[in-house]
1. What is the range 189-264's relative contact order, in percent, from Cα pairs under 8 angstrom and six or more apart in sequence?
2. Taking each pair of distinct Cα atoms in the chain once, what is the resulting Kirkwood hydrodynamic radius in Å?
3. Taking the solvent-accessible surface of protein heavy atoms with a 1.4 Å probe, what is the per residue accessible area of the chain in Å²?
4. Of all accessible surface on the chain at a 1.4 Å probe, what whole percent is carbon and sulfur?
5. What ranking, highest mean first, results for peptides 137-143, 91-97, 7-13 when packing means the other Cβ atoms within 10 Å averaged over each residue?
6. Could you tell me the calculated FRET efficiency between residue 56 and residue 236, based on Cβ-Cβ distance and R0 = 45 angstrom, to the nearest 0.05?
7. I need the shape label for the range 1-46. Rule: rounded when a/c is under 1.5, else prolate if a/b > b/c, else oblate, with a, b, c from the alpha carbon gyration tensor.
8. Order 47-55, 180-188 from most to least packed using the mean count of other Cβ atoms within 10 Å.
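The values are calculated or read from the model by the stated rules, or taken from the named source; none is laboratory data. Please read all numbers here as calculations on a predicted model, not as lab measurements. With ideal geometry, Cβ positions are generated from the backbone for all residues, glycine too; neighbour counts draw on all protein chains shown. Side chains are part of the model used for accessible areas, which takes the heavy atoms of the whole protein and leaves out ligands, DNA and RNA. Shrake-Rupley method; radii C 1.70, N 1.55, O 1.52, S 1.80 Å.
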Amino acid sequence: MKIYLNGDLVAKEDAKISVFDHGLLYGDGVFEGIRLYSGCIFKLEEHLERLEFSAKAILLDLPLDREQLRKAVCDTCRANNLENGYVRLVVTRGPGHLGLTPDGCGPGNVIIIADDIQLYPEELYEKGLKIISVPTRRINASALPPAIKSLNYLNNILAKIEAKKVGFQEALMLNDKGEIAECTGDNVFMISKGVLFTPPLDAGSLRGITRGAVIDLAAELNLPCREQALTRYDLWTAEECFLTGTAAEVIPCVEVDHRKIGDGAPGSTTRRLIELFRKSVLTDGVNLSE
Ligand code: PMP
């Protein structure tokens, strides 16, 4: 496996950075998770824009511009002969002193890992996932905007651990008002009376690229979509529910907090959206052969 590290493609064993990097010491840095489907890097421009926005929000100067980032991602996929997989693009604050201040840190490390992925088995896309809400709340948007995809995921990791400890693979995270924010690595959608609902970004959700893709697909299906505050009750009594994320794609959710959603099987609209999503990933992006 070849890893991109600051302009070089190096063997996995040689991909090393300083222990003084604030990415390691403080989670100070930004990242993206991107998918490659049959040689097409799905929504690459949207991911690069989100990376740029995350970097801007934390006052981190990206060492590469848009074109250089695009080329680096494509080169890494090609160097690994990857046609399908997952690309992790990371930019750290860089090595510095032991204090919190980023003054004197840098240059930031740009790391790109391109590898295989299978987050959930295919069976779960047919049968649906069961999730549970957990005590750890999504971090308040005024403390740390959830739109920033930073290297600091401890909030989500704690929620994930809580779900796993009680036998669930994914956790539903609420914000400090008790509204639904998102899952630990996925956005949440529900369908009720012919309308698609998802929490607004200020409820504590990441501006998911898959979320955006699904909102666009819903428009194609003439399915009205509303971004509005949702409670657990709304979700428990919904007809359909599904999660979206780069790794999970669109996955049906058939049980929330031990309440069956609809009749307990993936809903017909969810299945239609999965079908459309799977088609769109083959064309909606940057093609490696170009
Ligand atoms: N929320 C969180 C906290 C995430 O980390 C992610 C990405 N894994 C998502 C939502 C989904 O976003 P995307 O569709 O861009 O992967």
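1. For the range 189-264, the relative contact order is 33 percent.
2. 19.8 Å
3. Ligands and nucleic acids excluded, the figure is 47 Å² per residue.
4. It is 53 percent, rounded to a whole number.
5. 91-97, 137-143, 7-13
6. That pair, residue 56 with residue 236, gives E of 0.70.
7. oblate
8. So the order, starting with the most tightly packed, is 180-188, 47-55.
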